[in-house]
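Right, one structure below, let's go through it.
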Amino acid sequence: MNTEKIENAAGFLKARYANTPKIGLILGSGLGVLADEIENPVKIPYNEIPDFPISTVEGHAGQLVFGVLNGVEVVAMQGRFHFYEGYSMDKVTFPVRVMKELGVGMLIVTNAAGGVNESFEPGDLMLITDHINNMGTNPLIGPNDSRYGVRFPDMSEAYTKDLRIAAREIAARLNINVKEGVYFGNPGPVYETPAEIRMIRGMGGDAVGMSTVPEVIVARHSGMKVLGISCISNMAAGILDQPLTHDEVIETTEKVKADFLSYVKEIVKDIAK
Ligand code: HPA
């Protein structure tokens, strides 16, 4: 962790946008459109921000968007950094550190994920209740800076219960069907084998993906509240008799976009109170 770089990037951003965002949003594959709903947006491409990595995967735009979403000051990452792109865990989680430095207290993390739980269907939204870190590493490995958090962070409530309860109630009010479950984080970039999916199910995973876990660990380390939402973009390998493709992932997120947008906008308004 490089405190100077974090402060430097945050200082640069504060000079470009004076208001303090209350909520940070990390927008996953195909879900970046949410940032287009932000009013009076100030868009800052990642390559302009000192020490920010640059996103490479298709379907990710690569900019921070500051502004007002449904009456609430937010900052959104339109495109995130993945471990499989070759970034160190430090780089993957750098934006979360910067958000914290900017004064963000709550993080909404979204992703596209494969459905492991056979009662799920492509297009379902899943509130993340917990995760399993199978990435083979941890973003907090290395010296601990106690100004951010403790050496051995508690993870018994990685995903803030109050936020999940609020999100559950909002779903009922908007008549949006949401599932709940455990997110299993793999390093990628391969999709899993059917045998791996059977293992993941046996271990308690409901959805599987290649992101989110590092950002959530770092957010929790520094005491941010976290809400996680997966868009089940496909059934995981071996469940259906068909291969998995990134095109399917994007197609499904495209279909649920409208629901997803109205849902997250309502959540933002509600939890900011
Ligand atoms: N596996 C891993 N990551 C994913 C998947 C999947 O099936 N779908 C979207 N991201």
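The values are calculated or read from the model by the stated rules, or taken from the named source; none is laboratory data. Given the structure is predicted, the values throughout are model-derived calculations rather than measurements. Please note: Cβ atoms are built from the backbone with ideal geometry, for glycine as well, and neighbour counts cover all protein chains shown. Side chains are part of the model used for accessible areas, which takes the heavy atoms of the whole protein and leaves out ligands, DNA and RNA. Shrake-Rupley method; radii C 1.70, N 1.55, O 1.52, S 1.80 Å.
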Notebook entry, point to check: When you go through (1) in a helix (DSSP H, G or I); (2) open to solvent by less than 50 Å² (accessible area, probe 1.4 Å) one by one for residue 100, which number turns out not to apply?
Noted result: (2)
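Mind listing just one residue for me: the one in the stretch 14-28 that is open to solvent by 20 Å² or more (accessible area, probe 1.4 Å) and assigned to a loop (DSSP other than H, G, I, E, B) and, of those, nearest to residue 215 (Cα to Cα)? Full working, then the answer.
As a first pass, look at the stretch 14-28 and keep what is open to solvent by 20 Å² or more (accessible area, probe 1.4 Å): 14-20, 22.
If we keep only those that are assigned to a loop (DSSP other than H, G, I, E, B) as well, we get 17-20, 22.
Working: 17: 23, 18: 24, 19: 23, 20: 20, 22: 17 Å.
Among them, the one singled out is 22.
Within the stretch 132-143, how many residues turn out to be more than 14 Å from the ligand (Cβ to nearest atom) and in contact (Cβ under 8 Å) with a residue 60 or more places away in the chain? Spell out how you get there, then give the answer.
Step one: filter the stretch 132-143 for residues more than 14 Å from the ligand (Cβ to nearest atom), giving 133, 136-143.
From what is left, the residues that are in contact (Cβ under 8 Å) with a residue 60 or more places away in the chain are 133, 138-140, 142-143.
So the answer is 6.
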Next item on the list: Could you run through the stretch 64-89 and say how many residues are at pLDDT below 95, surrounded by fewer than 22 Cβ atoms within 10 Å (Cβ to Cβ) and outside any loop (DSSP other than H, G, I, E, B)?
Entry: 2
Check: Got at least one residue in the stretch 39-62 being under 23 Å from residue 157 (Cβ atoms) and in a loop (DSSP other than H, G, I, E, B)?
Finding: no
Margin query: For the stretch 111-131: of the residues being of a type in the set (Val, Ile, Thr) and away from the ligand (no atom under 12 Å from the Cβ), which is farthest from the chain's Cα centre (by Cα)?
Written below: 129
Next item on the list: Check whether at least one residue in the stretch 62-80 is without any contact (Cβ under 8 Å) to a residue 60 or more places away in the chain, within 16 Å of the ligand (Cβ to nearest atom) and within 30 Å of residue 246 (Cα to Cα), and report yes or no.
Entry: yes
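Select from the stretch 209-253 the residues that are among the polar types (S, T, N, Q) and part of a helix (DSSP H, G or I) and write down the one among them that is surrounded by the most Cβ atoms within 10 Å (Cβ to Cβ).
So in the stretch 209-253, the residues among the polar types (S, T, N, Q) come out as 211-212, 222, 230, 233-234, 242, 245, 252-253.
Keeping just the survivors that are part of a helix (DSSP H, G or I) gives 252-253.
Numbers: 252: 21, 253: 25.
Per the stated criteria, the residue is 253.
Just one of 136, 181 is in a strand (DSSP E or B) and open to solvent by less than 90 Å² (accessible area, probe 1.4 Å); which is it?
Details: 136 fails: in a strand (DSSP E or B).
Within the list 136, 181, the selection yields 181.
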Check: Among (1) on the phi < 0 side of the Ramachandran plot; (2) open to solvent by 10 Å² or more (accessible area, probe 1.4 Å); (3) more than 13 Å from the ligand (Cβ to nearest atom); (4) not small (Gly, Ala, Ser), which single condition is residue 175 missing?
Finding: (1)
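Picking from 206, 162, 145, which residue would you name as being open to solvent by less than 80 Å² (accessible area, probe 1.4 Å), more than 17 Å from residue 113 (Cα to Cα) and acidic (Asp, Glu)?
Values: 206 fails: more than 17 Å from residue 113 (Cα to Cα); 162 fails: open to solvent by less than 80 Å² (accessible area, probe 1.4 Å).
Only one candidate passes the filter, namely 145.
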Next item on the list: Search the stretch 1-30 for residues that are under 12 Å from residue 44 (Cβ atoms) and free of Cβ contacts under 8 Å to residues at least 60 places away in the same chain and pair each with any residue that is among the aromatic types (Phe, Trp, Tyr) and surrounded by 16 or more Cβ atoms within 10 Å (Cβ to Cβ) when their beta-carbon atoms are under 9 Å apart and the residues are at least 6 apart or on different chains.
Entry: 16/66; 17/66
